[in-house]
Amino acid sequence: MLPFRAIIKTDTRSKKIRIKIGLMGDVVVSKPKYCSQSCAQDFVNLHSDWIEAQLAKIKDRRMPLQLPTKIDLKAMGQTFNIKTNISGRGVKLINNEIIINRFNQDDIKKDILRLQKYIKKIAEDFIPKEVKALSMLTKLQPQTICIRNQQTRWGSCSNRGCISLNQKLLLINPTLMRYVIIHELCHLQEMNHSKNFWKLVQRYQPNFKELDSKLDFNKLPVWAIVK
Ligand SMILES: [Zn+2]
């Protein structure tokens, strides 16, 4: 009996078995259609040491859960102090200080979720401006831009021309954020990861390969990935 539970899913488009460890320690195995449930389970058993090592790493990072005293929104080049207040309501920004009013409750996770929600607001104001500037450069214009708080994707582009971008982009450096936006904008023209797509990306971001390899949700601070 393994000390973790793996969720096995069938992915009709995939050709091999993949194990994905979520940021919160969920183990998801996607298997191609031809591979049976027990064959996928064998695969998990075979890789259980590796899975356990990954889970241990995540656990180390998660404990103990703390509200940050300062957050660094690198993409904006701005840092904010975080304070809590026992009276009052809502989350407010006063002189570079984000104040979380917690009305007498002592629940760090709730505070963190409210902080994330507030960061979404900041992202909704900041990221679309960046997209507009890069749209001018690339002449690629999305129909809509929406900011989300996804756990596994930095961005996505729908075939109706809507671009979704992760609010966590604020936490990575501006060059990386720029690359993610360019990547999604280029999908407006090439809805795939074909040679033509990467050629287009390269036109606006020559070192895209290096940047792509630096994108890592595991490098984000713990408070940002709690859900
Ligand atoms: Zn892509």
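The values are calculated or read from the model by the stated rules, or taken from the named source; none is laboratory data. Note that the structure is predicted; figures quoted are calculated from it, not measured. Neighbour counts are summed over all protein chains in view; Cβ atoms, including those assigned to glycine, are modelled from backbone coordinates with ideal geometry.
The conditions of being out of contact with any Phe, Trp or Tyr (no Cβ under 6 Å at 6 or more places or on another chain) and either within 24 Å of Asn166 (Cα to Cα) or touching a residue at least 60 places away in the same chain (Cβ under 8 Å) (or both) are met by Glu124. Every listed requirement among (1) assigned to a loop (DSSP other than H, G, I, E, B); (2) under 29 Å from Gln167 (Cβ atoms) is met by Pro3 save one, (2). Applying a threshold of 7 Å to beta carbon distances and a minimum spacing of six or more residues, or different chains, the list of pairs starting in segment 23-43 at a residue that is over 21 Å from Arg153 (Cβ atoms) and ending at one that is basic (Lys, Arg) and in a loop (DSSP other than H, G, I, E, B) reads Pro32/Lys15; Pro32/Lys16. From the list Arg160, Arg153, the lone residue that is farther than 30 Å from Arg89 by Cα, outside any helix (DSSP H, G or I), charged (D, E, K, R) and within 13 Å of the chain's Cα centre (by Cα) is Arg153.
Every residue, every condition in (1) surrounded by fewer than 18 Cβ atoms within 10 Å (Cβ to Cβ); (2) in a helix (DSSP H, G or I), yes or no:
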site	(1), (2)
Phe103	yes, no
Lys110	yes, yes
Leu115	no, yes
Ile119	no, yes
Ile122	no, yes
Ile127	no, yes
Val131	no, yes
Leu137	yes, yes
Ile145	no, no
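Here Asn218 meets each of (1) of a type in the set (S, T, N, Q); (2) over 16 Å from Arg153 (Cβ atoms); (3) at pLDDT below 90 with one exception, condition (2). Set side by side, the residues Pro174, Pro206 differ, and just one is over 19 Å from Ala123 (Cα atoms) and more than 16 Å from the ligand (Cβ to nearest atom), which is Pro206.
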